[in-house]
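What follows is calculated from the coordinates using simple rules that are stated; it is not laboratory data. Just so it is clear, the model here is predicted, and its values are computed rather than measured. Note that we place each Cβ from the backbone using ideal geometry, even for glycine, and neighbour counts take in every protein chain shown.
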Amino acid sequence: MAVSRKNIKGVANIRTHSGSVDRTLKPHEAHMRLCVLEMEKARRTQERESALRRVRTIDERHKEIEEEKQNILRSLELNAKESLKPDRKNHLPEKGTGTNEAVKSFTLKY
């Protein structure tokens, strides 16, 4: 036998009393709603503090990165200045000779 589909009803066909109840707020419901709101407020406060803590740590790391970057740039700048200076050691005369000759060149032995 075939089942007739006209008699089958789904969840959408179930009647409820949710729309028929009057919307006056009863005292116990009001207190429950206040409790729920306070709990949500406490949870949001914790979330906010956690987020602010994370932002502070990110800001601190950002400052550390900037300081390290500046230190590296300063050291590069000093190295560049030192490499541009002439090397006076090689251009000075030898001690004890009394002459203005250049420093003796070195020889390689193989």
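Highest first, please rank the peptides 28-36, 9-17 by the mean number of other Cβ atoms sitting within 10 Å of their residues. Show your work: numbers first, answer last.
On the way: 28-36: 10.0, 9-17: 6.4.
Result, highest mean Cβ count within 10 Å first: 28-36, 9-17.
Using 0.36 nm per residue, how much length does the chain from Thr57 to Ile8 gain when fully extended, once their Cα-Cα distance is taken away?
Details: separation 49, 0.36 × 49 = 17.64 nm, distance 6.06 nm.
Gain on stretching Thr57 to Ile8: 11.6 nm.
Arg56: net charge of surrounding residues, Cβ under 12 Å, Lys/Arg +1, Asp/Glu -1, itself excluded? Before the final figure, lay out the partial values.
Numbers: positive: Arg53, Arg54, Arg61, Lys63; negative: Glu49, Asp59, Glu60.
Net local charge, Arg56 excluded: +1.
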